[in-house]
1. Can you find a residue in the range 49-71 that is without any contact (Cβ under 8 Å) to a residue 12 or more places away in the chain and within 39 Å of the chain's Cα centre (by Cα)?
2. Given VAL263, VAL245, VAL295, VAL257, which one is touching a strand residue (DSSP E or B) at 6+ places or on another chain (Cβ under 7 Å) and touching a residue at least 60 places away in the same chain (Cβ under 8 Å)?
3. It is to be established whether one or more residues within the range 298-307 are over 19 Å from THR357 (Cβ atoms) and in a helix (DSSP H, G or I).
4. Any residue that is surrounded by fewer than 15 Cβ atoms within 10 Å (Cβ to Cβ) and in a loop (DSSP other than H, G, I, E, B) - is there at least one of those in the range 232-242?
5. Using the structure shown, decide if ILE8 is part of a helix (DSSP H, G or I), of a type in the set (Val, Ile, Thr) and either out of contact with any helix residue (DSSP H, G or I) (no Cβ under 8 Å at 6 or more places or on another chain) or touching a residue at least 60 places away in the same chain (Cβ under 8 Å) (or both).
6. Can you go through ALA231, ALA283 and tell me which one is out of contact with any Lys or Arg (no Cβ under 9 Å at 6 or more places or on another chain) and assigned by TED's automatic domain parsing to the domain that holds LYS343?
7. Only one of these conditions is not met by GLY64: (1) within 13 Å of ALA41 (Cβ to Cβ); (2) touching a helix residue (DSSP H, G or I) at 6+ places or on another chain (Cβ under 7 Å). Which number is it?
8. Condition check: among the acidic types (Asp, Glu), modelled with pLDDT of 75 or more, more than 15 Å from LYS268 (Cα to Cα) and crowded, with 17+ Cβ neighbours inside 10 Å. Does GLU194 satisfy that?
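The values are calculated or read from the model by the stated rules, or taken from the named source; none is laboratory data. Quantities reported herein were computed from a predicted structural model and do not represent experimental measurements. Please note: Cβ atoms are built from the backbone with ideal geometry, for glycine as well, and neighbour counts cover all protein chains shown.
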Amino acid sequence: MKANEQSILIVDDVPKNIQLLGSILKEENYELEFATSGKEALDWLESRPFDLVLLDIMMPEMDGFEVCRRIKENPATREVSVIFLTAKADFQSIIQGFETGAVDYITKPYNRKELLVRVKTHLTMQQQRKQLEITSAFEKKIFSIIGHDLRSPMGNIRTYIDAFLQVNPSLDESVVLLLKDLYLLSDNAFNLLENLLNWAKRQSGGIVCRPQVENITYLVKNVLTLFSLQADSKNITLGFEGKDVIEGFFDPELISVAIRNLVSNALKFTPRGGSVLIKAGIASVNNEKRLIVEVDDTGNGMSAETIDNLLNKNVHFTTYGTDNEKGSGLGFQLCKEFVALNKGEISITSAPGKGSTFAVSLPLMKTD
C-alpha cells in the first residue's frame, strides 16, 4: 500500500455486491480488499490495518452486527470505522447497528454519489483522528520532557546554588555575585518551564481545581521566601502586610502559581531600589465579604491600553523588565485563568510612573 492510500475492507457474502462496490470505489484510488464472510473479515483485520470497513449485515453464520461487535471488542481493531451495508432500513436495525459501534449505514441498492460522499467523509474523519492521536502523543512527550527531564534538573540547580550560598557566608564577593546570577538564570528558566507546563495542562483540560479552606498568609510567605534572592539582586524591598491567619476557599496550588507570577512580574517591572509589597485581608466587594490579595509595586506603571491588553484573553502580551528581563507572556494569562477557576477575579490599578497594584479577590467559603 502506498503511503497516501486509504484502505477499505468490503465484507459481503454476495460476490456481485462486492464487484459493484469495488468498481465504484476503485475509481477513487482506494486500496481495496474483500471478504465474503464474517470470519474472513476478522482474519483480514487481524493481519493488517484498515481505515474503513464496509460491512454487510445479512450474512450466514456470523451476521454484520456480530462482526462489528467483535471488531470493537478487540483493542487492535476497535478504532477502525465501520459502515453497515444493508437492505434493512428499519429504525430498530439502524439503532442496533449504531449500538454495536458502527459510524454510519448505507442502504441497498447503492446510490453512487451518496456512497462516495459517505465513504470519503468517514475516511477524512478517520485520517483527522489519527493525526490528532499523533499530535496528542507528541504533546504528551513534550509535556513529559518539560515536567521531568527539564523542570526537575533546573529546580535542583536553583536549590543547590541557594544551599551553597547559605552554608558558605564567607565567599569572595565576586563569587557570590556570580552564583546569584546563576541562581537567577536557573530560577527564570524553572519558572518558564513551570508556566509552560501549567499552560499546556490548562489547554488540554488537565488542570483540576480543588478548592478548600486555606490560610493565604502561609502561602504568601512561601512565595516571599522563593523570591527573596531575586529581590535582593535588584535591591528591591519585598514584604508582606497582613495577619498570621487569613483564610479563604481556594485551591492552594493554583493560587500559589497565580501569586508567584504576580510577584515575579512585579519584581521584573520594578526598578532597582524599589519595593514590592503583598497585602492580604478581608474586604467587602459588591456587598460580599471576600479574601483580597494585592501585589503593590513601585514600578514603571502602565497605560490604560496596556492594562486592557493584559486583561484581554485574546491578546498575547509581553514586554521587557527594568533590567531587560524577558518574559513569555504566559504568566499573567495563567493568573487570570487560575483565579477564574477558583471563582475569583483579578483587577489592575496603575498609571505610568506611579507603580501598579494587582488585586485578586477570592471566596471566603464554598459557593454554588
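1. Step one: filter the range 49-71 for residues without any contact (Cβ under 8 Å) to a residue 12 or more places away in the chain, giving none.
No, the conditions are met nowhere in the range 49-71.
2. Numbers: VAL263 fails: touching a residue at least 60 places away in the same chain (Cβ under 8 Å); VAL245 fails: touching a residue at least 60 places away in the same chain (Cβ under 8 Å); VAL257 fails: touching a strand residue (DSSP E or B) at 6+ places or on another chain (Cβ under 7 Å).
Result of the check over VAL263, VAL245, VAL295, VAL257: VAL295.
3. Within the range 298-307 (the criterion being over 19 Å from THR357 (Cβ atoms) and in a helix (DSSP H, G or I)), the answer is no, since none of the residues qualifies.
4. The answer is yes; a qualifying residue exists.
5. Judged against the criteria, ILE8 is not a match.
6. Working: ALA283 fails: out of contact with any Lys or Arg (no Cβ under 9 Å at 6 or more places or on another chain).
Going through ALA231, ALA283 in turn, the sole match is ALA231.
7. Result: GLY64 fails condition (2) only.
8. Details: among the acidic types (Asp, Glu): yes; modelled with pLDDT of 75 or more: no; more than 15 Å from LYS268 (Cα to Cα): yes; crowded, with 17+ Cβ neighbours inside 10 Å: yes.
Spelling it out, it is not the case that GLU194 is among the acidic types (Asp, Glu), modelled with pLDDT of 75 or more, more than 15 Å from LYS268 (Cα to Cα) and crowded, with 17+ Cβ neighbours inside 10 Å.
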